[in-house]
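Some notes on the structure that comes next.
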Amino acid sequence: MNAFTPNRVAEAVPNLCAESLGKAYPSGCGPLVVLRDVSLGLRAGESIAIMGPSGSGKSTLLHILGTLEPPSSGRVTLAGCDPFSLPADELAAFRNRSVGFIFQDHHLLPQCTVLENVLIPTLAGAARDDVTTRARQLLDRLGLAERLDHLPAELSGGERQRVAIARAMINRPLLLLADEPTGNLDRHSADAVGVLLHELYREESAMLVVVTHSPVLAERFGRRYELSEHVLREV
Ligand code: ADP
Ligand code: MG
């Protein structure tokens, strides 16, 4: 196969493409510029870490990449689709199918068990027997096979984040977004979560964008960027 066969060309096109993203919020004293001319591309199986000071727009960028919020200018495409061109109901379905989110605070539902929490993103689709099998496999892979019927309050912080990883991955998303996923954890739990996140996104050939203040976590990922003064730079 030479470099110009269709397969190679397809591989060369990033699955996630952000082109010249700008974001500004209205404020009393004119627009508050948060992002300026931010571009990046990721292919299946690739990961990046984004660092930068608080308030520099890291979460805003993740929200735009995750289709939760439109950019003020520029364009995002995920798997060749411009999500912001979709009607609201199709956008929500696209996001549910294509994007998995992991937040600093696990966002698990306190009244639901570990297994039920992992299955929540599957409730929007048609009922399928295999989702419970997949949830059990993911939880097993994350070292939580004995905790399926436990409530979040009965778990440690690291265990809750591992449940959040399983929930983010249950629908086999193309894109995983993690916003300071180890920010609330002690060093030992943070390391364990970092290792598992890194192993799992690769096993699933997903794309992963991790926002972190931890240089140790950032080192695990393929490329590292710094967001500051509204601009994203590879470091
Ligand atoms: P980071 O995650 O890097 O700490 P954020 O993306 O949360 O930064 O915020 C970047 C800037 O945008 C901050 O100044 C914040 O106050 C502002 N901001 C974030 N969301 C909104 C919003 N919905 N409306 C107005 N300003 C916002
Ligand atoms: Mg943030």
Can you find a residue in region 88-109 that is open to solvent by less than 70 Å² (accessible area, probe 1.4 Å) and touching a Phe, Trp or Tyr at 6+ places or on another chain (Cβ under 6 Å)? no
Only one of Leu86, Leu78 that is closer than 30 Å to Ser214 by Cβ and either away from ligand 1 (no atom under 16 Å from the Cβ) or of a type outside the set (Lys, Arg) (or both): Leu78
Being open to solvent by 30 Å² or more (accessible area, probe 1.4 Å), farther than 19 Å from Ala44 by Cβ and out of contact with any strand residue (DSSP E or B) (no Cβ under 6 Å at 6 or more places or on another chain) narrows Glu226, Glu219 down to just Glu219
Could you grab the pairs with beta carbons closer than 6 Å, sequence gap of 6+ or different chains, first residue in region 57-71 and under 13 Å from Leu91 (Cα atoms), second one within 13 Å of ligand 2 (Cβ to nearest atom) and open to solvent by less than 10 Å² (accessible area, probe 1.4 Å)? Gly66/Leu177
Which condition number in (1) modelled with pLDDT of 95 or more; (2) surrounded by fewer than 18 Cβ atoms within 10 Å (Cβ to Cβ) is the one that Ile170 fails? (2)
Sole residue being at pLDDT below 95 and more than 19 Å from the chain's Cα centre (by Cα), chosen from Ala79, Ala127: Ala127
Among the candidates Glu90, Glu46, Glu19, which residue alone is in contact with a Lys or Arg (Cβ under 6 Å, 6 or more places away or on another chain) and of a type in the set (D, E, K, R)? Glu19
Within region 26-59, restricting to residues that are open to solvent by 20 Å² or more (accessible area, probe 1.4 Å) and of a type in the set (Ser, Thr, Tyr), the one that is nearest to His198 (Cα to Cα) is Ser59
Among (1) modelled with pLDDT under 95; (2) open to solvent by less than 40 Å² (accessible area, probe 1.4 Å); (3) within 16 Å of ligand 2 (Cβ to nearest atom), Asn184 falls short only on (2)
Within region 13-56, how many residues are among the small types (Gly, Ala, Ser), touching a residue at least 40 places away in the same chain (Cβ under 8 Å), in a loop (DSSP other than H, G, I, E, B) and near ligand 1 (Cβ under 10 Å from one of its atoms)? 2
Test Asn117 against the criterion of being without any contact (Cβ under 8 Å) to a residue 60 or more places away in the chain and either aliphatic (A, V, I, L, M) or within 21 Å of Leu68 (Cβ to Cβ) (or both), and give yes or no. yes
The correct count of residues that are under 22 Å from the mean Cα position of the chain (by Cα) and surrounded by fewer than 18 Cβ atoms within 10 Å (Cβ to Cβ) in region 133-155 is 5
How many residues of region 61-87 are of a type in the set (D, E, K, R) and open to solvent by 50 Å² or more (accessible area, probe 1.4 Å)? The answer is 1
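The values are calculated or read from the model by the stated rules, or taken from the named source; none is laboratory data. Source: prediction; values computed, not measured. Glycine also receives a Cβ, built like all others from the backbone with ideal geometry; neighbour counts cover every protein chain displayed. All accessible areas refer to the heavy atoms of the entire protein, side chains included, with ligands and DNA or RNA removed. Shrake-Rupley method; radii C 1.70, N 1.55, O 1.52, S 1.80 Å.
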